[in-house]
Every structure is written in structure tokens, then in C-alpha cells.
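*Asks:* The structure's right below; bear with me while I get my questions together.
The values are calculated or read from the model by the stated rules, or taken from the named source; none is laboratory data. Everything numeric here is computed off the predicted structure, so don't read it as measured data. As a convention, Cβ positions derive from the backbone with ideal geometry for all residues, glycine included, and neighbour counts pool all protein chains shown. Just the protein is used for accessible areas: all its heavy atoms, side chains included, with ligands, DNA and RNA removed. Shrake-Rupley method; radii C 1.70, N 1.55, O 1.52, S 1.80 Å.
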Amino acid sequence: MKLINRALTTTTLALAACSSVEAAFEMNIVGVLPPTVGTVEPGGTVVTPVNGAQAQFELSLLDTDTMATSTGYLQVTLDSFTSDLTKHSITTGQGHSDRVGILIEGGSNRSATYTFSFYQDSDFLVPLELDFVMQVADIDSSEQFSVSDAAFSGYTLSSGTQLVELYPVAPGFIGLTNSAGENPDKANPQAAANFQSIANVSSFQVIVAGSATGYGSEFQFDFTPDIVVPEPSTYACLLGIVAFSTVALRRRRF
């Protein structure tokens, strides 16, 4: 009995020691600040892309460690785009007012690079550093998404996703693509990836691209702490715990 108790105690302590990366902040879009850059909602408008075009959002922040609430701000800036990109929009997600939505339209080689920047103030002068999980959803067939690997340590894929890793990818980016088909249910998109940020991120870049002509490519960005992404060392640690506990219990049994 003492051996079993000792094994259980050791297992509990080891589990506590095994690390996992979990977002510290939950963020929701409260509103889009004027002027707006088109609209993503069905029947909305898209505008001609111009380098430096910006959309600004007010955020509701929840620190999941202290449960304290606060207000923050997000600015999304169009940095560059290919000649095939003729229209774009930066507002809220299609059917989701608490998400950021980016829509791009044009030819088969359309692509655009955007910078997401967090701020403490509505003047967008004081950077805000955060830890979070960003979910990118609604990535349909012939669409690609990449995120800066300087700001994100990796990703996990939602259940039922059709996404696969993109190769080749732009230097300094992690990329995913969907070559299987379209998500018919926009209210519950399955083609989603969850990117875990590194500590204290205040800005990062994304690249969105589409090749199918005849309709636009729309991407949704959500920030949530609900997804725990284990580090690679955690898997090894957990396997070691299972092996240790099994041996201890077998010794006790015999």
C-alpha cells in the first residue's frame, strides 16, 4: 500500500512539473473603430487595397490567471499585396462580431500581408504585450494562411479540419493550406488552426492568399485561452509518468 501511495504521490508531483503552454488572455472584439475598411458580412462592401490601410478594434480583455478585466485595442494594417489582389476588407468575421475578419478578392495569385498590433490606449501609441492562442478559421479550398514564427511557437488543428502544412512557406512563417474543399457551415467552421503565441507578443504578421477565382477568400481570427497546447517535452514527461506508475503498481501486485 505504501508503494502505491508513493507512486501516486510521485505521479502527482511529476504531473505538476510537466509544463504546458496556455494562453493568459481571452480577447473579444467589442467594436470596430471608424473609419472602417470595407465589411466582411454577407452583402457587405470591399475596397481597393492601399498599402498602410488600417482597421482598428476595441478589445475586452480577461486575464485568465487573475480573472481581471480590462480594455485593449487592436490595429490591423495592410503591409503589402500582390498585383492580383483587387479588393479587400478588414472588419469582423462572417457572422461573428467578436472576431476579426479579412476578405481578399482578385485573381488566382492574390495574396496580402497584414500586421496585427495590440495597444493599451485608443490613440494606438502604447504597445500591449499579451500571451494568447489565436484561432484562424474558415480557410476553404485553395486558400492559404501563414503566421510569423517569431511570434508563435506552433499550432494544433481542430477536430475534423481539412488543413495541412503549407510547403514551401515564406521564410520566417508557419503556413497551412486547404486543398480538400469548402466549409459549408460558416457558423461552425471546421477548417481551423490554433496558434500558440510566445510570451509577451505585441505585434505579428500574417499572410493570407487565395487561388480560386469567382469568389473571395475570407479568414476569421479569434483569440481564446481555452485551448491548451502541450510542449513537446510535456508528451515525453507524461509518457515517463505512465511508465513509472505502471512499473510501481506491477511490483506491488507481485
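*Asks:* Whose amide H sits under 5 Å from the amide H of Gln135, counting only residues 5 or more places off or on another chain, with H placed in the peptide plane?
*Replies:* The answer is Phe195, Asp222, Phe223, Thr224.
*Asks:* Here is a follow-up. What is the packing order of peptides 168-175, 130-137, 192-199, taking the mean over residues of other C-beta atoms within 10 Å and listing the highest first?
*Replies:* 130-137, 192-199, 168-175
*Asks:* So, one more: Determine the gain in length on full extension of the stretch Ala150-Ser122; use 0.36 nm per residue of separation and subtract their C-alpha separation, reporting nm with one decimal.
*Replies:* In short, 7.5 nm is gained.
*Asks:* Let me ask another. Per residue, how much accessible surface does the stretch 42-179 expose to a 1.4 Å probe? Answer in Å², no decimals.
*Replies:* Each residue of the stretch 42-179 exposes 43 Å² on average to a 1.4 Å probe.
*Asks:* log₁₀ I(q)/I(0) of the stretch 22-150 at q = 0.16, 0.18 Å⁻¹, via Debye over equal Cα point scatterers, no solvent, to two decimals?
*Replies:* Taking Cα atoms of the stretch 22-150 as identical point scatterers yields -0.84, -1.05.
*Asks:* Hey, can you grab everything whose amide H is under 5 Å from the amide H of Val37? Only 5+ residues off in sequence or another chain; H modelled, so Pro and N-termini drop out.
*Replies:* Hits under the 5 Å cutoff: Ile90.
*Asks:* On to the next question. Among 146-153, 68-75, how do they line up by average Cβ neighbours within 10 Å per residue, starting with the highest?
*Replies:* Put in order of decreasing packing, that is 146-153, 68-75.
*Asks:* How many nm separate the modelled label positions at Asp65 and Ser202, each set 7 Å beyond the Cα in the direction of the Cβ?
*Replies:* 1.8
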